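Structure record follows, encoded as structure tokens.
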Amino acid sequence: MHGMIYLAVLVAFAACDAPPVPLDDIVIEKTFVPEQCGRAVKVGDYVRYHYNGMFPDGKKFDSSYDRGSTYNVYVGKKQLIEGMDRALVGMCVNERRLVTIPPQLAYGKEGYGDVIPSDAILNFDVLLLDVWNADDGVQSETYYTPENCSRKVEVSDYVRYHYNGTCTKIPDTVVITTNYKPEVCETLAKKGDFVKYHYNASLMDGSFIDSTYNYGKTYNIVLGANQVVPGMEEGLKEMCVGERRHLVIPPHLGYGERGVDGEVPASAVLVFDIEMIEMEAGLPDGYMFIWNEEVSADLFTEMDADKDLQVLASEVLITAKSRPQLHTYNIVLGANQVVPGMEEGLKEMCVGERRHLVIPPHLGYGERGVPASAVLVFDIEMIEMEAGLPDGYMFIWNEEVSADLFTEMDADKDLQVLASEFSDYILRQVNEGKGRLAPGFNANLIIENMFSNQDRNGDGKITEEEFKLKADETPHDEL
């Protein structure tokens with residue numbers, strides 16, 4: 001009996017020390033899966049992803065992060081080792097996977113130079129950033145349309161719109177997660193309070209931006225005084241001293257389209273971990289001084305220390321930082337002033353309408369983009385539109401053209417029209433509503449071009465003969 005027990009212990013001990021069973025296929029562990037997955041990778045798709053490559057002992061052999069660029073490749077076209085081709089199928093944008101690939105689906109017995117030894121098992125930590133296919137079009141989702149829409153955007157219209165653009169899905173507002181909150185919280189931070197807090201700041205991909213801990217001092221502001229980005233204002237509201245929060249701030253509540261030179265890229269989603277250290281109650285909105293007790297009925301006399309019936313005082317200039325003005329993006333639709341995908345996404349919008357666009361690289365910035373082969377995500381809002389002119393026209397008449405047009409232009413009656421006379425006449429017709437210039441273009445340049453087309457010999461003036469010859473030809477949009 002004792003011998004059998006001893007033998008069983010030996011068998012168990014031997015089993016614990018046995019080498020791992022060889023893998024027949026890849027092993028996938030999904031470490032993060034986004035709540036929404038509009039499209040999963042399939043064979044033939046073009047993808048951009050980051051990865052860290054490691055051996056089973058944790059030693060890193062390769063990393064796209066170290067090179068500062070994503071790995072961009074077609075899936076299932078034998079441009080990757082077979083195991084990675086399989087691992088990418090079914091992934092969603094922003095999904096993260098830990099992948100273990102056996103040698104026969106990696107570099108096999110040959111290995112790869114001095115980097116990958118023979119029969120090596122490889123581990124990859126993969127983060128998918130973009131996926132697209134050459135057959136993809138613009139995905140346009142309208143999430144708000146005004147009740148009254150008298151006119152929809154057409155090609156040649158001049159439009160003004162706001163947008164938030166990114167390479168990945170961004171939140172619509174500040175996402176706040178409370179990591180720790182004291183059991184006793186007597187006071188909540190509110191507008192006007194003077195607060196001191198620590199923060200760590202990074203981008204969505206983990207890239208470091210800044211940290212107050214590195215400086216050994218807090219960041220101090222008056223809440224509601226526009227001293228920080230709007231998203232941080234929102235994230236600090238109603239915090240307790242000692243409370244810690246995790247914030248995800250979308251670009252339009254952060255540093256917007258321009259970012260911060262050398263520190264924050266354009267249209268960046270910001271990630272903050274903040275801790276409230278101290279706060280001091282502020283004054284009511286609009287007040288810089290308040291009384292804590294009843295005001296003296298003889299206040300002036302008390303101020304007039306030398307009793308000369310006048311009070312001297314130093315003037316204090318309080319300069320508040322003004323919030324930057326929000327500018328729209330203004331284009332003529334159909335004039336190739338934006339990427340083709342944006343042109344498509346703006347068509348038939350109403351003023352006030354808001355849409356969510358997903359633009360594949362071939363309808364965006366292509367292989368040379370920002371970054372290369374990036375799928376672009378935009379949230380757009382139509383602010384204003386002005387009807388354009390018919391295709392190919394830069395000026396049109398709103399009423400019948402005068403039968404004596406040349407004489408009307410020739411202001412000094414010298415039987416020739418100079419550029420200044422021509423320009424004054426056209427602008428007068430526009431101001432009086434008799435004619436229209438194409439919106440969204442430089443009016444002076446349009447008129448200069450119109451004059452040049454009429455000035456057939458290029459001598460800087462138009463004669464009646466030139467004008468007639470021009471009018472006798474195929475009708476032109478200029479006149």
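The values are calculated or read from the model by the stated rules, or taken from the named source; none is laboratory data. Here the structure is a predicted model, which means the values were calculated and not measured. All Cβ positions, even for glycine, are placed from backbone atoms using ideal geometry, and neighbour counts span all protein chains on display.
Please indicate, with yes or no, whether at least one residue in the stretch 412-432 is farther than 19 Å from residue 452 by Cα and of a type in the set (Gly, Ala, Ser). Looking through the stretch 412-432, none of the residues is farther than 19 Å from residue 452 by Cα and of a type in the set (Gly, Ala, Ser). The residues of the stretch 366-378 that are closer than 16 Å to residue 93 by Cβ and either among the basic types (Lys, Arg) or at pLDDT 75 or above (or both), listed by number, are 374, 375, 376, 377, 378.
Annotation for the stretch 67-86: at least one member residue is in contact with a His (Cβ under 6 Å, 6 or more places away or on another chain), in contact (Cβ under 8 Å) with a residue 12 or more places away in the chain and outside any strand (DSSP E or B). Does residue 56 satisfy the condition of being modelled with pLDDT under 90 and not in a helix (DSSP H, G or I)? It is false that residue 56 is modelled with pLDDT under 90 and not in a helix (DSSP H, G or I).
Scanning the stretch 386-409 for residues that are among the charged types (D, E, K, R), in a loop (DSSP other than H, G, I, E, B) and touching a residue at least 40 places away in the same chain (Cβ under 8 Å) yields one hit, 391. For residue 188, are the conditions met, namely being more than 30 Å from residue 101 (Cα to Cα), hydrophobic (A, V, I, L, M, F, W, C), without any contact (Cβ under 8 Å) to a residue 60 or more places away in the chain and touching a Leu at 6+ places or on another chain (Cβ under 8 Å)? When the stated conditions are applied, residue 188 does not pass them. All of (1) modelled with pLDDT of 85 or more; (2) aliphatic (A, V, I, L, M); (3) in contact with a Lys or Arg (Cβ under 9 Å, 6 or more places away or on another chain) hold for residue 155 with one exception: (1). The one condition from (1) out of contact with any strand residue (DSSP E or B) (no Cβ under 7 Å at 6 or more places or on another chain); (2) buried (at least 17 other Cβ atoms within 10 Å of the Cβ); (3) more than 16 Å from residue 175 (Cα to Cα) that residue 233 does not meet is (3). Restricting the stretch 339-349 to residues that are crowded, with 18+ Cβ neighbours inside 10 Å and in a loop (DSSP other than H, G, I, E, B) leaves a set whose member that is modelled with the lowest pLDDT is 339.
The residues on offer are 197, 161, 143, and the sole one that is within 24 Å of residue 251 (Cα to Cα), at pLDDT 85 or above, assigned to a strand (DSSP E or B) and not hydrophobic (A, V, I, L, M, F, W, C) is 197.
The residue that is surrounded by the most Cβ atoms within 10 Å (Cβ to Cβ), counting only those in the stretch 255-285 that are part of a strand (DSSP E or B) and charged (D, E, K, R), is 275.
Within the stretch 172-180, can one find any residue that is surrounded by 13 or more Cβ atoms within 10 Å (Cβ to Cβ), under 30 Å from residue 346 (Cα atoms), at pLDDT below 80 and among the aliphatic types (A, V, I, L, M)? Looking through the stretch 172-180, none of the residues is surrounded by 13 or more Cβ atoms within 10 Å (Cβ to Cβ), under 30 Å from residue 346 (Cα atoms), at pLDDT below 80 and among the aliphatic types (A, V, I, L, M).
Across the stretch 123-140, the qualifying residues are those that are in contact with a Gly (Cβ under 7 Å, 6 or more places away or on another chain) and assigned to a loop (DSSP other than H, G, I, E, B), and the one among them that is farthest from residue 30 (Cα to Cα) is 138.
When residue 108 is tested against (1) farther than 30 Å from residue 333 by Cβ; (2) touching a residue at least 12 places away in the same chain (Cβ under 8 Å), exactly one condition is not met: (2).
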